[in-house]
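In what follows, a structure is listed as structure tokens, so that the remarks can point back to it.
The values are calculated or read from the model by the stated rules, or taken from the named source; none is laboratory data. Keep in mind that this is a model prediction, so the values were computed, not measured. Methodologically, a virtual Cβ is constructed for each residue, glycine included, from the backbone with ideal geometry; neighbour enumeration extends over all protein chains shown.
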Amino acid sequence: MAEPRWLSDAEQDAWRTFVTMLGALVDHLDRQLQRDSKMPYTYYEILVVLSHAPNRELRMSELAGLRNSSRSRLSHAVARLEEAGWVERRECPTDKRGSLAVLTDAGFAALAAAAPGHVAAVREVLFDRLTPDQVKSLGEISAIVLEGLDPDKKNLPGSPEPGR
């Protein structure tokens, strides 16, 4: 068996900083959304993905893939979103075994209400701290890493309003 290619000191420092930053960023955004909109970050992200989908609907299996979530975890989250009236589950017309998650008008309104505070938080803790060149580099680096994780480009984010 080949010896592992251990990280250099610089790579290790960059990796630990990145992992710590990513966890802190998601935690900060979750707290902001919970405080201001009474929804967890994971639910916000589900609503965003559905808001970008044609007819604001996706097969549950596709939604799970786009959110990098297990089907059971997604099913639980969608059940909670159904209780809030933000998502409906419908039978898939092309496959009776499948089901669709559909963003309701109330869910779209909740997303639209939460989006300004979320965007302000993202801007405050990330983009306002970076130069335009750093923003460009962040996008390029993220795209390169995502391409390695998702070579078929199944999980590329969209950017229509309101969930930007």
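If you check Leu66 against the conditions, is it modelled with pLDDT under 95 and under 28 Å from Glu124 (Cα atoms)? Criteria met by Leu66.
Scanning segment 53-84 for residues that are over 20 Å from the mean Cα position of the chain (by Cα) and crowded, with 19+ Cβ neighbours inside 10 Å returns no hits. The residue that is surrounded by the most Cβ atoms within 10 Å (Cβ to Cβ), among those in segment 40-52 that are more than 11 Å from Ala110 (Cβ to Cβ) and in contact (Cβ under 8 Å) with a residue 12 or more places away in the chain, is Ile46. Arg59 passes every criterion in (1) in contact with a Pro (Cβ under 9 Å, 6 or more places away or on another chain); (2) touching a residue at least 24 places away in the same chain (Cβ under 8 Å) apart from (1). The number of residues in segment 8-35 being surrounded by 11 or more Cβ atoms within 10 Å (Cβ to Cβ) and within 29 Å of Ala115 (Cβ to Cβ) comes to 13.
Of all the listed residues (Ser37, Ser8), the sole one being touching a residue at least 24 places away in the same chain (Cβ under 8 Å) and not aromatic (Phe, Trp, Tyr) is Ser37. Based on what the data block shows, is Val87 surrounded by 14 or more Cβ atoms within 10 Å (Cβ to Cβ) and over 30 Å from Ala14 (Cβ atoms)? Yes.
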